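Encoded as structure tokens, the structure appears first; notes follow it.
Computed from the coordinates by the stated procedures, all read-outs in this text should not be read as laboratory data. Model, not experiment: these values are computed from the prediction. Every residue, glycine as well, gets a Cβ built from its backbone with ideal geometry; the counts of neighbours run over all protein chains shown.
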Amino acid sequence: MPEERTYNGAVPPPGCPAHGATPLDQDDLRRLFGPEAEADPAGLYEKLRAEHGEVAPVLLHGDLPAWLVLGYSANLTAMRTPSRFSRDSRRWTEFREGRVAPDSPVLPVIAWQPTCSFVDGEEHRRLRTAVTDGLNSFDRRGMRRYVTRFADQLIAEFGAAGQVELVSQFAEHLPMLVMT
């Protein structure tokens, strides 16, 4: 019987790729694109959570296998443990082995860029410091006034209808209104 692998004394949760389990059959994986994903993304995420827990194997466009982190605590672990979970997408096996097509629709989201979202270590700290220093220079009261004004404006637009789709009618618009 193989010995259970641990990381800093902790056993990874069931289904985690660290267990080195049998490779998953791609026919059993859910796609994060296509009719099912587009019709009911929230329902798809709930199914993935029910089937796999906080970390689910999925397929991206082009049937590229990936792991989707669905749980808050698993996300915190991934974000706070750069020694195990690199931000550098060039380290992803699918990139290294040339399986991501040059015209893949996932590239704008996952392709490496020289930004704090895609670098590790000292370079990440350096770039993140520049971002946080810039954000800390904003007048927070003034920013709050802008956010409140634009939030009120959006609410007034859909308020009379008595119902709203918060993501498409509010959350997708508010950041751009505030930033421009």
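Determine the calculated [θ] at 222 nm for the chain from helices alone, applying -39500 (n - 2.57) to every DSSP H run no shorter than 4 residues and normalising by the residue count; nearest 500 deg cm²/dmol. It would help to have the intermediate numbers written out before the result.
Numbers: 8 runs with 76 residues, N = 180.
The helix-only estimate for the chain comes to -12000 deg cm²/dmol at 222 nm.
Give the long-range amide H neighbours of Arg31: residues separated by 5 or more places, or on another chain, with amide H under 5 Å away, using H modelled in the peptide plane at 1.01 Å from N.
Sorted by chain and number, the residues that satisfy this are Leu59.
Efficiency by 1/(1 + (r/R0)^6): what FRET value for Thr93 and Glu51, r their Cβ-Cβ distance, R0 = 30 Å, to the nearest 0.05?
In this case the efficiency is close to 0.85.
Work out which GluC sites (Glu not before Pro) in the chain are exposed loop sites (DSSP not H, G, I, E or B, at most 13 other Cβ within 10 Å) and give the longest gap free of them.
5-96
What's the angle, to the nearest 10 degrees (0 to 90), between helix 41-52's Cα axis and the longest principal axis of the chain?
30 degrees
What longest region of the chain stays clear of trypsin sites (Lys or Arg not before Pro) that DSSP places outside H, G, I, E and B and that have at most 14 other Cβ atoms within 10 Å?
My reading of the result: 100-180 is the longest stretch.
Pop out the ³J(HN,Hα) list for segment 91-106 in order, Karplus 6.51 cos²θ - 1.76 cosθ + 1.60 with θ = phi - 60°, rounded to Hz; leave Gly and Pro as x.
7, 5, 3, 4, 6, 4, 9, x, 8, 9, 5, x, 9, 4, x, 7
To the nearest 10 degrees, how steep is helix 121-136 against the longest Cα principal axis of the chain, on a 0 to 90 scale?
Around 10 degrees separate the two axes.
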